[in-house]
1. FRET efficiency for A:Leu16 and B:Glu389, Cβ-Cβ distance as r, R0 = 51 Å, nearest 0.05?
2. In the range A:118-156, what residues drop by 10 Å² or more in accessible surface going from the chain by itself to the full protein assembly, probe 1.4 Å?
3. If r is the Cβ-Cβ distance from B:His148 to A:Phe77 and R0 is 41 Å, what FRET efficiency results, to the nearest 0.05?
4. Whenever you get a sec, compute what percent of the accessible area on the range B:250-592 sits on carbon and sulfur atoms (1.4 Å probe).
5. On a straight-distance basis, which lysines could pair with B:Lys368 in a cross-link, Cα separation under 23 angstrom, same-chain partners fewer than 8 positions away excluded?
6. Around B:Glu60, under 12 Å between beta carbons, what's the net of Lys plus Arg minus Asp minus Glu among the other residues?
7. With r defined as the distance between the Cβ atoms of B:Phe174 and B:Asp295 and R0 fixed at 51 Å, what FRET efficiency is calculated, to the nearest 0.05?
8. In terms of the Cα gyration tensor, with a ≥ b ≥ c the square roots of its eigenvalues, is the range A:206-326 rounded because a/c is under 1.5, prolate because a/b exceeds b/c, or oblate?
Amino acid sequence: MSWWTPTVEAAFIAMLQALVILLGAVLLGAVMTVVERRLLGLWQDRYGPNRVGPFGTLQLVADMLKIFFKEDWIPPFADRTLFVLAPAIAMASLLLSFIVIPITPGWGVADLHIGLLFFLAMAGINVYAVLFGGWSSGNKYALIGAMRASAQTLSYEVFMGLALMGVVAMAGSFNMREIVNAQEGFWFVIPQFFGFCTFLIAGIAVTHRHPFDQPEAEQELADGYHIEYSSMKFGMFFIGEYVGMVLVSALIVTLFFGGWHGPLLPPIVWFALKTGFFLMLFVLLRASLPRPRYDRVMSFGWKVCLPLTLVNLLVTGAVILLVSPQ
Amino acid sequence: MSVATPNDTTANDAQADPVVVALMQRFGERAFVEQATLIGMPVLWVARDSLIDVLRFLREMPEPFNMLFDLSATDERLRGNRQGLPDSDFTVFYQLLSVSRNRDIMLKVALAESDLEVPSSVSLYPNANWYEREVWDMFGVTFHGHPHLTRILMPPTWMGHPLRKDHSARATEFDPYTLTVEGQDKEQQALKFDPEAWGMRRGGEDSEFMFLNLGPNHPSAHGAFRIVLQLEGEEIVDCVPDIGYHHRGAEKMGERQSWHSYIPYTDRVDYTGGVMNNLPYILAVEKLAGITVTDRARTIRVMMAELFRINSHLLFLGTYLQDLGAMTPVFFTFTDRQKAYEVIEAITGFRMHPAWFRIGGVAQDLPKGWDRLMQGFVDWMPKRLAEYERAMMENAIVRERTRNVVAYSTAEALEWGVTGPNLRATGCNFDLRKQRPYSGYENFDFEVPLGGNGDVFDRGQVRIEEMRQSLRIIQQCIDHMPDGDYKADHPLTTPPPRDKMLQHIETLITHFLQVSWGPVLKPNESQQMIEATKGINSYYLTSDGNTMSYRTRIRTPSFPHLQQIPAVMRGGFVPDLIAHLGSIDFVMADVDR
């Protein structure tokens, strides 16, 4: 066993970790579809899916079986290459973002020193999924959905990045682990409250979750950019949305709520609890809010959120300069 | 002037009508033939040549007739009893309504089969557009000067005019139906939207418009409703509603069903209104039959109709908020509707379509303990309504989506024939339950909620307030339900009271005849307008002395409400259109009949 050197062992363990984390993320996204339906049921005076398995826990298996065996249909008027590419981008870009998330001190896929920028880049790529999907479908509803999505994502990504710069300035690093470690004493949500608020809003908007789901607005566009998708291609958009939810929740926890830090309980439990809390928040928002009009969403982004993040960044910078020794 | 009297009826009332007097002064007595009917308004036959002048006179007189309430036609060729009326193969009738006078007038134009043409009145009443298209579609009467006279309810490929007496009513009277591949292609081709055919341009100054086909299958179209949008970006430059996908020929069926067996069909016209639909039909039939209904039956009818109003408004509220993107309220309002249905089911035995009113009364007496059930519902609702207001109508996003969105004034509403809560949201106080009480509404203490801006928000708020008022009416019904019979003691009460039928051979014979054959009503015409869930609904019945109606005209509120959409939607955004569609509160069965 001469090839089994410590380097190989480390690589093997790292690969195994990566596999567990990425599979875990996908699985969590899939589980969220059922959890969301059950929670919505709870908040809406009804049961939700409760027939398959004990308390409906096996609903996911049934859904998966169904969606895997559906006919994989591509409309004859669609642009095939882009049509197939779009859901792959949707899934891949979000999954790749997961590699920068430090889950516990020992767990995480990659420890990039530009971790945060990597996430922003991936979120940028994610727009292409929607744009390609909407354009290649050859459907006007899909086109309007894609148009809304790109306009919305563009405007919200501008201040999504800026909202995080306060955190970066305070931690003095783009590295996620260092950001988490910098929150040992107090969570960044306290000094960076406005940054947190704007990032939460931008995160919802970028994942197209209600109330910023204008690109798919069921009542208006009858599902928007993925209207022509069926089978597992739709499934990838669908699960992708939930993976996005998990990702944004995990990021909020990492950047503003101290990541794995917490008393008594092991780090992984703290991380899971905090992430779970934000996932619930996503579902609760969907259950409780109506949908604002698309142009209002845009003007809210440009006229309220962007100035707020800029002011926040300026104040943060000023305070850091004042407090720091030199 | 001559007065035609098929029966000795209300001719005297009409003669004294100041509008008729003014018309006679202006056009001379020879210009009109007055028809005595049970309709409850002056009915004047005018010559085709003077029709537009008469309409213009009425439209422009002081306290004008500012609403074209209804416009349709009758195929008179098989009608036996029309003594004293001008010769006519096809009669086109116009019913005008004056809100300020609170009066109606009906004009009729006689046409010969060889010359079926009438001047179009679209320039005077914009909502005549769809009505005239319907008359063309159903009877083949052309309207000279109409901007776009095409079929509206039937498919464009349809042969014949269905409401003509020589057009068969039943599938068994036709050759077997076949659909070939070519036939299917032809039908689908006919559904393609051609902007040029509507006088629309495909492009603007330096851009091309997008034509978006919304419906007939779209989650927010509230049924099989299609509307083609001409878009510039997301702004609606123009739009064309297309209806008829839910047309089932309810008016034609009225000519093939007995007076009694037609009742269940009325339930399905506004399918969220349940027994509310029975009411105008039954009241019109009772006018023809001369039946005076007992107080108990009248109060039961009011109570059930108001319960269905709440039920319908709850459906409205849930879907209205859902169209604004709030997914939860609809589940809560459906919980409330379930509670209402429990009461309805206990009383009538059915849920959505009880068909529970009868000629001369209602089907059964109230069951034991009904008041406890009803009180339970009346006690349940107020806190729920308060919750909806607090959680939704006060929500900033809801307000922003609905305030000053698709607002129109009272004048615009009347011009387009808008009635009901949509009219009252503009601040116009016109509720038939107050203005022209029927079925004993004058005995109830309630208020008519009004809006101010006539926008999407007001249309929602008015309906929430209306539910509160309906609860008040139901509470008064519970507290003061009169004793007595639930059916009138009249030979035409159908079916006759059961206890009498079991004891009395004459009643048994009547029962047998009325159920197997149908009650026979004297030749005459009658009409009843009621304040239904969505606006003013009326049944205009013509009896030719038979077991069946000679002509059943159903005027529904949703039809003009949809026609108005393009007039108020231009310049709005797609989400505004969805909000407006939600706020109109229409069901397609009520539009297409």
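The values are calculated or read from the model by the stated rules, or taken from the named source; none is laboratory data. No experiment lies behind these values; they were computed from the predicted model shown. All Cβ positions, glycine included, derive from the backbone under ideal geometry; neighbour counts span all protein chains shown. Side chains are part of the model used for accessible areas, which takes the heavy atoms of the whole protein and leaves out ligands, DNA and RNA. Shrake-Rupley method; radii C 1.70, N 1.55, O 1.52, S 1.80 Å.
1. E(calc), rounded to 0.05, equals 0.35.
2. Residues passing the criterion (a loss of at least 10 Å², heavy atoms only) are A:Lys140, A:Tyr141, A:Leu143, A:Ile144, A:Met147, A:Arg148.
3. So the FRET efficiency works out to roughly 0.85.
4. Values: 5630 of 10680 Å².
Carbon with sulfur: 53 percent of the solvent-accessible area.
5. Here the lysines satisfying the reach criterion relative to B:Lys368 are B:Lys339, B:Lys487, B:Lys500.
6. Numbers: positive: B:Arg26, B:Arg56, B:Arg59; negative: B:Asp53, B:Glu63.
Spelling it out: positives minus negatives among the neighbours equals +1.
7. Taking R0 as 51 Å, the efficiency between B:Phe174 and B:Asp295 is 0.60.
8. In terms of gyration-tensor shape, oblate.
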